[in-house]
Amino acid sequence: MLGQVQRFRRMEGSEDLDSSLLTQPWASVCFGESTFIAKACFRETGYVLLISDLSSVWYERADTDVIGKRSKELNKRLTAHVSSFLNRLSNLMCPLLEGRESDANSFSCQQTPSKLTIHVKSELSGLPFYWDFHCPAAAVEMISRHLVRPLIRMSLALQYQLQELASLLVQKDVEIEDYRESGAALSRGRLRTEPFQEKSFLQKFVDESLPQLCGAGDGQAFTSTLQRLYTAVARQEARAVQKRHHSGDAETPELTSSPQLDSLVTLGSQQEKVEPPSDLPQSLGAAATPSSPAQRARLPVSKAKRKKAKGLFG
């Protein structure tokens, strides 16, 4: 009976680690001259580590039994509780994932397409402390869950946000034009801007900005803004998994057949639109379904009674 309880607790802890890992953002880390993106989660029941060089993805899950056995093999002189090893590993890895480094810690790695080994050399209780993360290749389902599906949803969220901003700019141009027709004039000519043209803006972005972004290197895959967006998307995914788990429905969401994926907008098109994903955070877009900038620009503008211009055009 006791063995069954322990197995149940390990299974419960394993599920908690998986859920926590999903909502952790990806961070850029360097081991020697190699650059990776990684995420990790440490708990009393063990740890999980997911790491990629954008060519391969590796993964390790270690429970207390694995940690206790490996620590004895690597640290003959150290006698400590598993929780001490877990706490030390967490203190070593978390600063790296937060963008901080420590000269006292030494990391090195050996990698093949099928396995990645990260060697750690540090100290614990004044004695040398060694650890190896043994990460085999991650399963396709895990890669899809932690990279493919969140990145697709992030792309849709950013596309929707771009359309909202473009629509807002067109409305602002219409508002400014109405001020000008009312006789308002800029007090400083250098503030004058040209009407926003979505197609030319996107084309300029592809021609000028995109080459610089693509040449920035793999280590800049997730900026702080994208980390926050990834976390928001992953939390929605985690809630959906919990909801299916509680309802007894274990089916995987069919993202490939969703209407959002079928409505991706081609560059410069002003006849299609992307509907906001149902789980999109409210801060990423307005509640109303957006129309294209070209459609909004054609909306009639009601002329109010002419008043003396104020503010910027005063």
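Among the numbered criteria (1) open to solvent by 70 Å² or more (accessible area, probe 1.4 Å); (2) under 24 Å from F36 (Cα atoms); (3) free of Cβ contacts under 8 Å to residues at least 60 places away in the same chain; (4) of a type outside the set (S, T, Y), which one does R228 miss?
Against the list (1) open to solvent by 70 Å² or more (accessible area, probe 1.4 Å); (2) under 24 Å from F36 (Cα atoms); (3) free of Cβ contacts under 8 Å to residues at least 60 places away in the same chain; (4) of a type outside the set (S, T, Y), R228 comes up short only on (3).
Within segment 162-185, take every residue that is open to solvent by 40 Å² or more (accessible area, probe 1.4 Å) and hydroxyl-bearing (S, T, Y) and give me the one that is nearest to K199 (Cα to Cα).
Among them, the one singled out is Y179.
Return the pairs, sorted by first residue and then second, in which the second residue is of a type in the set (S, T, Y), the first residue lies in segment 43-59 and is at positive phi, the beta carbons are less than 8 Å apart, and the residues are 6+ apart or on different chains.
As it stands, the answer is G46/S14; G46/T64, since those pairs meet every condition given.
Here are the criteria: (1) more than 19 Å from F36 (Cα to Cα); (2) under 33 Å from the mean Cα position of the chain (by Cα). Tell me which single one L213 does not satisfy.
(1)
The values are calculated or read from the model by the stated rules, or taken from the named source; none is laboratory data. Since the model is a prediction, treat every value here as computed from it, not as a measurement. In this analysis, Cβ positions are derived from the backbone assuming ideal geometry, glycine residues included, and neighbour counts consider all displayed protein chains. Each accessible area value is taken on the protein alone, full model and side chains, heavy atoms only, with ligands, DNA and RNA left out. Shrake-Rupley method; radii C 1.70, N 1.55, O 1.52, S 1.80 Å.
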